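What follows is one structure encoded as structure tokens, with my remarks underneath.
Laboratory data are not the source of any read-out in this text; all were calculated from the coordinates shown. Because the structure is a prediction, the values reported are computed rather than measured. Note that each Cβ is placed from the backbone with ideal geometry, even for glycine, and that neighbours are counted across all protein chains shown.
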Amino acid sequence: SRSLQYYFGEHYGKDHPAAREGFWRQGDSAVAVIQTEKGVLIELRVDWSSVRPHNKTHYLLQGTEGAYITGRHQYEEDLIWFKNLSPKNIADGEEMWEPLSSYQPLYDHPTWMKWGEYAAGTKHGGGDFMVLEEFISAIQEERTPSVDVYDAVTWSSVFTLSMESVENGGKAIAFPDFRTRVRN
């Protein structure tokens, strides 16, 4: 990682072990390609060390009949496109993105409608707040949370499985089924 090497050199001096050539084994960014059981392809890019403004809530979701992309920074609007629903350019008939906000009054989740304004002032665009709100609600309502411990550990295993894939020349690695694993 050049960025981390440079960071340590600038902040701790060029003789610091982390500022030396060869200390960091990973690159500045990495991409994991994940295929789900239903054949959905997920491209997950992580880059937490490059020297640039970071947007930790930048996502692109694309399906066969729609797509969504978040703004690249907090002042850029999220965009959405739906096949046979989104407008087309009058001049050439090309598909057009439209602001997500045009659909929010119709489709916004009740939890976002209730807490969205408050949540927007918290970390990760309100995502952290919503995770905690859902967890607390599940406890109060005595129900299983939307994301349970098995989902969480599966999502958390992406890094470890990616490293295993890299060590095996990019070989596909199956996600363990944590719900059925025997525990000792």
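Contour minus end-to-end for ASP15 and GLU133, with contour as 0.36 nm per residue of separation and end-to-end as the Cα-Cα distance? Please list the in-between numbers first.
Working: separation 118, 0.36 × 118 = 42.48 nm, distance 4.63 nm.
That works out to 37.9 nm of additional length.
Excluding same-chain neighbours fewer than eight residues apart, the aspartates and glutamates reachable from LYS83 by a Cα-Cα span under 20 Å are GLU65, ASP92, GLU94, GLU95, GLU98, ASP108. Springs join every pair of Cα atoms under 10 Å in this Gaussian network model of the chain, and among PHE135, PHE23, PHE82 the largest mean-square fluctuation is at PHE23.
Within the straight-line cut-off of under 25 Å between alpha carbons, the lysines reachable from LYS123 are LYS56, LYS114, sequence neighbours fewer than 8 places apart in one chain being disregarded.
In plain terms, the chain from THR57 to THR36 could stretch by 5.3 nm, reckoned as 0.36 nm per residue minus the Cα-Cα distance.
Here the average projected area of the convex hull drawn through the C-alpha atoms of the chain stands at 17.0 nm². Residue by residue, the stretch 68-75 carries 3J(HN,Hα) couplings of 9, 9, 7, x, 6, 8, 5, 9 Hz when phi is fed to the Karplus relation 6.51 cos²θ - 1.76 cosθ + 1.60 (θ = phi - 60°); x denotes Gly or Pro. The modelled label-to-label distance for the pair GLU77/VAL149, using points 7 Å beyond Cα in the direction of Cβ, is 4.4 nm. The gain in end-to-end length when the ASP92 to SER50 segment is fully stretched comes to 11.2 nm, 0.36 nm per residue minus the alpha carbon separation.
Taking the Cα centre of the chain as reference, the dipole from Cβ charges on Lys and Arg (+1) and Asp and Glu (-1) amounts to some 640 debye.
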